Amino acid sequence: MKLRAKETLWFYLLVSPWLVGFIGLTLGPMLYSFYLGFTDWDLFNAPRWVGLDNFVRLFTQDRIFGKALLNTFYYAGLSIPLGLTASLAVAWLLNKPLAGMRIFRTLYYIPALVPAVATSLIFQRLLAPNSGLNQLLALVGIQGPAWLLDPLWVKPALVLMSLWGVGGGTVLLLAGMQGVPVEFYEAAAMDGANQTQMFFKITLPMLSPVLFFNLITGLIGAMQTFTQVYIMTGGGPNNASLMIVPYLFDNAFRFYHMGYASAIAWVLFVLILLLTLLVFRSSSAWVYYESEVKR
C-alpha cells in the first residue's frame, strides 16, 4: 500500500503541469464562455444576464447565422468526401513500387506543411478573375468565373482549395496500405481475384480505421473553417461564403457581442459533438478492426 501511494503521488505530480494547463487554459474558459452564452456582454461593462435570449435569437431571428450554418454544411458536405477520395487515390498511386517514389511522396506532403495564411494568400491570387486558374482555362477556350467574387462559385472555390492539403491524410492512408499483409493479396490472387476486387475486398476494409480517423478529423476541421474565409473573402460576396466561426469572430471582436458569440460557440460545439457521435455510431457497420474478429 505504501508503494502504491508513492506511485500515485508521482503520477499526479508528473501530470500536474498538464492538469493545471487544462483546467486553467481550457476547462475554465469553456465554463466561463458557457455562462457568457446566457448574458449580454460588450467587454467594457459587466455581463448582464439575459437567459435564453441569445439562443432564441440565433434560431428565430438571425438570418445571417442560418446562412452561415448552411454554408458550413455545404462546405463540409463537399470538402470531406472529396478530400477522403483524393487522399485515398493519391495514397494508392504513391504506394506503387516505382523509382523515385520517395520524392513524389515528399512533394505531395509539403503543401500540408504550408501555413493556412500563406495558402490562403496563394489561392487568393490563383483564383483571381484575370490570372492564375482562369488563365489556364483560357488556353483551352474556357472563360473561367470570378471565383471569389461570384456568390455561385465562391463556395466551390473554397472546396477546391481544401484539396490542396490532402497530403496529411494521404500519409496516414499510405502507412495503412503498407501495413496490409502481402499474404492477403497473394491468397486473393491464387483465388483468381483481380486488382479491383483486391482493392475493394482487402485494401479498403483494412484501411477503414484510418478512413474513420480522417473522417472525424476532417469533420471537426471543416466545421471550424476560419482562416480561408477570413483572409480570402471576408464572408462575401453577400455572405455567400460566410461560415460559423468567422461569424462568431465578427460578433466577438468586431461588434463586441461576447455573450452572443459565446452562444454561437456552444451551438457549434453541440453540432460537432452530435455529428461526431453519429459517425461513431455508424462505424460498427463499416470500420473493420482485426482484433475484433471472432476466432
| request: Give the residues of the range 234-265 that are among the polar types (S, T, N, Q), outside any helix (DSSP H, G or I) and crowded, with 23+ Cβ neighbours inside 10 Å, sorted by residue number. | output: 241
| request: Kindly check whether there is at least one residue in the range 22-34 that is within 25 Å of residue 254 (Cβ to Cβ), in contact (Cβ under 8 Å) with a residue 40 or more places away in the chain, surrounded by 10 or more Cβ atoms within 10 Å (Cβ to Cβ) and of a type outside the set (A, V, I, L, M). | output: yes
| Where a residue in the range 80-102 is free of Cβ contacts under 8 Å to residues at least 12 places away in the same chain and its partner, wherever it lies, is buried (at least 17 other Cβ atoms within 10 Å of the Cβ), with Cβ under 7 Å and at least six apart | 101/94
| query | Somewhere in the range 131-138, is a residue in a loop (DSSP other than H, G, I, E, B) and touching a Pro at 6+ places or on another chain (Cβ under 8 Å)? | reply | no
| message | Can you find, within the range 97-145, the residue that is surrounded by the most Cβ atoms within 10 Å (Cβ to Cβ) among those that are more than 28 Å from residue 169 (Cβ to Cβ) and among the polar types (S, T, N, Q)? | response | 134
| Residue, surrounded by the fewest Cβ atoms within 10 Å (Cβ to Cβ), within the range 35-68, restricted to residues that are hydroxyl-bearing (Ser, Thr, Tyr) and modelled with pLDDT of 95 or more | 35
| remark: Screening 176, 165 for residues that are within 30 Å of residue 264 (Cα to Cα) and of a type in the set (Gly, Ala, Ser) leaves only 165
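The values are calculated or read from the model by the stated rules, or taken from the named source; none is laboratory data. Keep in mind that what you see is a predicted model, and the values were worked out from it rather than measured. Every residue, glycine as well, gets a Cβ built from its backbone with ideal geometry; the counts of neighbours run over all protein chains shown.
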